[in-house]
Structures are given as structure tokens and as C-alpha cells.
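Report on the structure given below.
The values are calculated or read from the model by the stated rules, or taken from the named source; none is laboratory data. All values derive from a computational prediction rather than experimental measurement. Quick reminder, even Gly has a Cβ in these numbers, built from the backbone with ideal geometry, and neighbours come from all protein chains shown.
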Amino acid sequence: MAHQPVGDSLTLTTGTTSTRAQFTVQSDTLRVVPVGQNVHVAIGTTATAATTDYFVPNNTSATLNLGRVSSMGIAGVTKGTSTTIDLPEGTGCPFVVDDVIVTSGITGETGFNTTAKVVSIDSSANTYGYHSERITTDHDSRALTGTPVVTAGEARRQLTVSAVTDHTTGGQLFAQQVQVSGDS
């Protein structure tokens, strides 16, 4: 089985207290390797690992499924107590309520490039002058004064990997998103 690394690698210092790192999802698989101690691993939008989570023995590797890779260009942004993101017409929405998304590439106002939770998705057709879906996030953008330019704007799903040891001695967990080819 061959692995193609995707994105940046993550290093977590592990111990008896759960530690975590966030990453934008760019592949459907995360490879984890604990060094120094056995670990228990959890993955989710706000994961906190416990000794009842997935077990990975010291100095071995495991490939864990992250689910769907979700990203989408941004067609428009509306400010408010919650921020509304218009998706391009005819594309649908790859996100679901409670996904955490990272928006990037928006110029003209830096406060839109942020991390936010999806609170609702409007899939109704043409009720507000667009033939596209809209995402409402929990990001309060009322204080932003610039005009957002979304030409290069993108929204991408974010997850958290968390690890905890089952022993008093700590170690490290190395995590890397990978594409897997060949037999697994």
C-alpha cells in the first residue's frame, strides 16, 4: 500500500490529558503514528480523546477514515450577527449543519477569513434572487466595515484530531493526511 502525503503534517505531544490539533480536510484518510506510548485517537469537529477511543499501539501506524472532503468556492458574503455565504449557482452544498468550515481567499476585509460553524443551509430555489444554496455560520461579522471580494474565496471543512495516552509517560503522535493507493 502506497501513501501520497497531502497538506501539512501534525505533531501532538501526548500525555494523560487529551491534546488536539485542527486541520482542513484535504483527503479522506489520516495516517497516525504514536511514538513513545500507546495512544487513543478521536477525530471530529471538536474531538477530545479518551481512553475509550480508537487504540493505536506505540510505534505502529493506523490509517483512519475522515469521511468526505468538502470544499467550495464562495460567490458572496452577507454580514450580520451570523454570516451568510452564497455558494456558486448550480453547485449544491457539500457541507452539513454542525460542520466547522474555514473560509479563506476573501480580500477587501480580513475578518471574513475565519473559522466558523455551519448553523443552517438554505436550499430553497430563488427566494432571494439567487439560484444557489446559502450557508449561515455562527461568525458575527457586524463589525466588519470593508467590502468583501470573493473572487478567490473558498470554504473548506475542518476537523480536529485528538490523542491521549493510557500511561503516565507521554509521547508524540504524528498525523498526516494521505491518499492511499494499492491494496490496503
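Points worth noting:
- Within the stretch 161-171, the residues that satisfy the criterion of being over 15 Å from Tyr54 (Cα atoms) and either at pLDDT 95 or above or among the small types (Gly, Ala, Ser) (or both) are Gly170, Gly171.
- Members of the stretch 83-102 that are among the polar types (S, T, N, Q) and either out of contact with any strand residue (DSSP E or B) (no Cβ under 6 Å at 6 or more places or on another chain) or closer than 21 Å to Ala47 by Cα (or both): Thr91
- Every residue from the stretch 37-76 that is within 13 Å of Ala155 (Cα to Cα) and over 20 Å from the mean Cα position of the chain (by Cα): Ala75, Gly76
- Some residue of the stretch 48-60 being closer than 24 Å to Asp140 by Cβ and surrounded by 14 or more Cβ atoms within 10 Å (Cβ to Cβ): no
- Restricting Val41, Val6 to those that are assigned to a strand (DSSP E or B), more than 14 Å from Val161 (Cα to Cα) and either at pLDDT below 95 or not small (Gly, Ala, Ser) (or both) reduces the list to Val6.
- Out of Thr137, Thr169, Thr165, Thr103, sole residue that is buried (at least 18 other Cβ atoms within 10 Å of the Cβ) and assigned by TED's automatic domain parsing to the domain that holds Thr11: Thr165
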